[in-house]
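Participant: Just passing along the structure, written as structure tokens.
The values are calculated or read from the model by the stated rules, or taken from the named source; none is laboratory data. This is a predicted model, so every value here is computed, not measured. No Cβ is skipped: glycine too gets one built from the backbone with ideal geometry, and neighbour counts run over all protein chains shown. Heads up: the accessible areas ignore ligands, DNA and RNA and are worked out on the full protein's heavy atoms, side chains in. Shrake-Rupley method; radii C 1.70, N 1.55, O 1.52, S 1.80 Å.
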Amino acid sequence: MRCSVSNASLILVVAAPLALTAATLDQAASAAMGARQGSVVILDARSGRVLGGHRLEAAARRAAKPGSTLKPITLAALLASAKQPPVLPCQGHPAPLGPAEAIAYSCNSYFKELSLRIDPAAYSKTLLKYNINPAAAATLDERQAQAIGEGRERVTPIQLAESYRRLSQLTPAPVTDGLTAAVKYGTARLAQTPGLEVAGKTGTATSDDRAYTHAWFAGWAPARNPEVVIVVFIEKGQGGPDAAPIARRIFEAWRPPVRVRLYWKSKPGAGPTVALSREDYVAAVLAGEVGAFKSDESLKAMAVAIRTYSARFMGRHRAEGFDFCDTTHCQDLRLAAVTDRLRRLTAATANELLWYEGQLATTYYHADCGGSLEASHHVWQQQKVPYLLHQIDTWCQSLGPSSWKEEFAEPLRVLERSPTGRVRWLLAAGRRIDPRQLGLRSTLFELREVNGRTVVEGRGYGHGVGLCQRGAARMGEEGKPYRDILAFYYPGASTGVTAQGIPWQTLGAERVEVQTIDPTRRQQVPGWAERALADAERRTGYQAQLRVRVRVYPDVASFRDSTGEPGSVAAVTRGNTVHVQASAVTPALLLHEMLHVVLETRTHPDAPLWYREELAAYLAGESSPRVARLSLYHGRRQLFAWLEQGVTPPQSARANTQNPTAGASPAPGSSPLP
């Protein structure tokens, strides 16, 4: 399909943006699900059209409890009755929670309280509004179970996808805020997708025979301008650790369109704004920047650089209502020049980005470095980037000089050069000027005076920072793979769909290995971690089954992008790996995380997250009044029994009047807390 855009005498024919095909989304969903039993549904948020999924026939038949994915609709029911959402205490949280935080942390007690404030008939009406068939809830217990998705309601994944599609279009602000917060720092944080704001909710619902739990994720993106809805259902699992990461991989395959303002090439003036998928945008920029390249590998290298640049600087013109312009101010884009070859080579690197130490690289590029690449901070003083260095580009040099000459009537004099010889400042008519103001092809030049005129003799084209297109083209023609081309021009950076390139170095201990990029400053950490692991085993009576890894992230951004956790979280433990921010590493923190490592070896999947966290805090000697009371009245052995059996401890610690400390003996092999 093609459309014509005209402006007076100019007629620009552009290819209509190609949506990500259903087959591509099907592949992404199936790859993300792997061998898990369940289904995925992907809908267009506006039309409700099915864009793709995994086992869609099963998604239309298999009905299960919605679990906590129903909580946002419960809040919507309260708001529909014009009642102010309360701020209430929640188990496991030191401060009371408002509605957004209650969704983010999936607080059961909060939504059970809401059920008492909503008229049952009004609640049923809201459920119907959001595509859920209400069931009878006569008693208080039934109403409370209904409010948290553990009542008699059953939904199929297709049905829940439509529910969240309607929610995405109609949802009040507190619900959107809560769903966005759930992904940023709450129970759905593993669905966090770099460069894309996601709104979503996880759910862990009991099976009808209560023998196991189902896992759900339901959400949409972008959070404030919904375009796609994704629902993940897994037969056996938990929403946060199991369904949310699958949703993330599908969101990574689907990206919001890039909105590009077209400018008329033949005369001043802005044309229309067009929406392109990210991959179509990359292909169109390839057409504008390097469409004549002979080598497929050099084109693939450029595709990764272009895609990374767009992800790194997405929304550069947001204040004007679009993301990028189609000029060299952003990236030169030629829609009408896109060929099947460019689409094919773009697809060959689909979703690949360039990363440096866990963060998106700044992938500047230019036409011709003149044989000498410039360091970024010599061009832009505030941008000292480790992988944008001065180096001799032998590939560009091998093609021979790329000389140019300009003449000016007025005298010019060089005032300052960079350490690598490029001109920073000129003196012209008594004024200090940037040489780029003269429209010169590059700043790599010399001056000569001839018959009262200034002759400027230079080489190269562009700022000289990052990838040199002339040199990259030569590398491709010589048979260099695209990743080698990128490695030459962005040394130390790595390609990948998610955060890559952190140069881990390993410090070993007997049962613990510590990964860090700064081994000199982290020499103490292996000893701390080894002692913390032994202490955690002593306090619990459990044994770590595998060698434990402690990964120390150099900064907040690399921790956040690699783990999906917000920067406010100091550390997180997954399996036998402890992920921790460098600024937070202490013996006390490592003890807390090692307790999680050993406790999880015996933890039942149904054990509440709040109890896992509070038990670890209690065993670490941190403040945990609730677990302390439970230990006093029910005994230490019972603390571990609840964890192993997946039973939620009682709401309050009721004393055993016969013997308040009955059963208080330590768990086998453990000793009392110090």
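Participant: Are any of the residues in the range 254-264 farther than 18 Å from I42 by Cβ, of a type outside the set (K, R), open to solvent by 10 Å² or more (accessible area, probe 1.4 Å) and modelled with pLDDT under 90?
Facilitator: Yes, the range 254-264 contains a residue that is farther than 18 Å from I42 by Cβ, of a type outside the set (K, R), open to solvent by 10 Å² or more (accessible area, probe 1.4 Å) and modelled with pLDDT under 90.
Participant: Y611 fails exactly one of the following numbered conditions: (1) in contact with a Gly (Cβ under 8 Å, 6 or more places away or on another chain); (2) among the hydroxyl-bearing types (S, T, Y); (3) open to solvent by 50 Å² or more (accessible area, probe 1.4 Å). What is the number of that condition?
Facilitator: (3)
Participant: If you don't mind, there's one more thing I want to ask. Can you give me the number of residues within the range 191-235 that are charged (D, E, K, R), farther than 19 Å from A253 by Cβ and not in a strand (DSSP E or B)?
Facilitator: The total comes to 5.
Participant: Hey, any hits in the range 367-377 for a residue that's surrounded by 20 or more Cβ atoms within 10 Å (Cβ to Cβ) and closer than 30 Å to T563 by Cβ?
Facilitator: yes
Participant: Could I ask something else about it? Kindly list the number of the only condition in (1) in a loop (DSSP other than H, G, I, E, B); (2) in contact with a Gly (Cβ under 9 Å, 6 or more places away or on another chain) that fails for K83.
Facilitator: Unmet for K83, out of (1) in a loop (DSSP other than H, G, I, E, B); (2) in contact with a Gly (Cβ under 9 Å, 6 or more places away or on another chain): (2).
Participant: Select the strands (runs of 3 or more DSSP E) contained entirely in the range 416-471, then report the ones holding at least 3 residues which are open to solvent by less than 20 Å² (accessible area, probe 1.4 Å).
Facilitator: 423-428, 453-459
Participant: Check off (1) of a type in the set (S, T, N, Q); (2) surrounded by fewer than 19 Cβ atoms within 10 Å (Cβ to Cβ); (3) within 16 Å of G186 (Cβ to Cβ) for N108 and give me the number that stays unchecked.
Facilitator: Evaluating N108 over (1) of a type in the set (S, T, N, Q); (2) surrounded by fewer than 19 Cβ atoms within 10 Å (Cβ to Cβ); (3) within 16 Å of G186 (Cβ to Cβ) leaves (2) as the failure.
Participant: With among the hydrophobic types (A, V, I, L, M, F, W, C), assigned to a strand (DSSP E or B) and open to solvent by 20 Å² or more (accessible area, probe 1.4 Å) as the only criterion, which of A311, A275, A292 stands out?
Facilitator: Exactly one of A311, A275, A292 is among the hydrophobic types (A, V, I, L, M, F, W, C), assigned to a strand (DSSP E or B) and open to solvent by 20 Å² or more (accessible area, probe 1.4 Å), namely A275.
Participant: So if I check each of A161, A147, A135, A199, which one is among the aliphatic types (A, V, I, L, M) and at pLDDT below 95?
Facilitator: A135 is the lone residue from the list that is among the aliphatic types (A, V, I, L, M) and at pLDDT below 95.
Participant: Hey, could you check the range 31-59 for residues that are over 16 Å from A221 (Cβ atoms) and among the hydrophobic types (A, V, I, L, M, F, W, C) and say which is surrounded by the fewest Cβ atoms within 10 Å (Cβ to Cβ)?
Facilitator: My answer is A35.
Participant: Within the range 397-409, identify whether any single residue is among the hydrophobic types (A, V, I, L, M, F, W, C), under 42 Å from the mean Cα position of the chain (by Cα) and modelled with pLDDT under 95, and answer yes or no.
Facilitator: Looking through the range 397-409, at least one residue is among the hydrophobic types (A, V, I, L, M, F, W, C), under 42 Å from the mean Cα position of the chain (by Cα) and modelled with pLDDT under 95.
Participant: Is there any pair linking a residue in the range 274-292 that is among the charged types (D, E, K, R) to one that is open to solvent by less than 30 Å² (accessible area, probe 1.4 Å) and part of a loop (DSSP other than H, G, I, E, B), with Cβ under 6 Å and at least six apart or on different chains, and which?
Facilitator: E289/D332
Participant: Oh, and also: What number of residues in the range 391-407 are among the polar types (S, T, N, Q), closer than 20 Å to A375 by Cβ and either open to solvent by 90 Å² or more (accessible area, probe 1.4 Å) or touching a strand residue (DSSP E or B) at 6+ places or on another chain (Cβ under 8 Å) (or both)?
Facilitator: The qualifying residues number 2.
Participant: Exactly one condition in (1) in a helix (DSSP H, G or I); (2) more than 27 Å from E613 (Cα to Cα); (3) at pLDDT 95 or above is not met by L116; state its number.
Facilitator: (3)
Participant: A further question on this structure: Just checking, which of L342, L262, L299, L354 is part of a strand (DSSP E or B), in contact with a helix residue (DSSP H, G or I) (Cβ under 6 Å, 6 or more places away or on another chain) and not aromatic (F, W, Y)?
Facilitator: It is L354.
Participant: Is it fair to say P241 is surrounded by fewer than 22 Cβ atoms within 10 Å (Cβ to Cβ) and within 28 Å of R189 (Cα to Cα)?
Facilitator: Yes; evaluated as a whole, the condition is true for this residue.
Participant: Continuing with the same structure: State all residues of the range 394-415 that are part of a strand (DSSP E or B) and touching a residue at least 24 places away in the same chain (Cβ under 8 Å); if no residue qualifies, say none.
Facilitator: Listed by number, the residues that qualify are S403, W404, K405, E406, E407, F408, L412, R413, V414.
Participant: Can I ask one more? How many residues are without any contact (Cβ under 8 Å) to a residue 24 or more places away in the chain and either in contact with a Lys or Arg (Cβ under 7 Å, 6 or more places away or on another chain) or closer than 21 Å to R474 by Cβ (or both) when one looks only at the range 361-390?
Facilitator: 1
Participant: Then there is this: If you take the residues of the range 378-388 that are in a loop (DSSP other than H, G, I, E, B) and surrounded by 17 or more Cβ atoms within 10 Å (Cβ to Cβ), which of them is modelled with the lowest pLDDT?
Facilitator: V385
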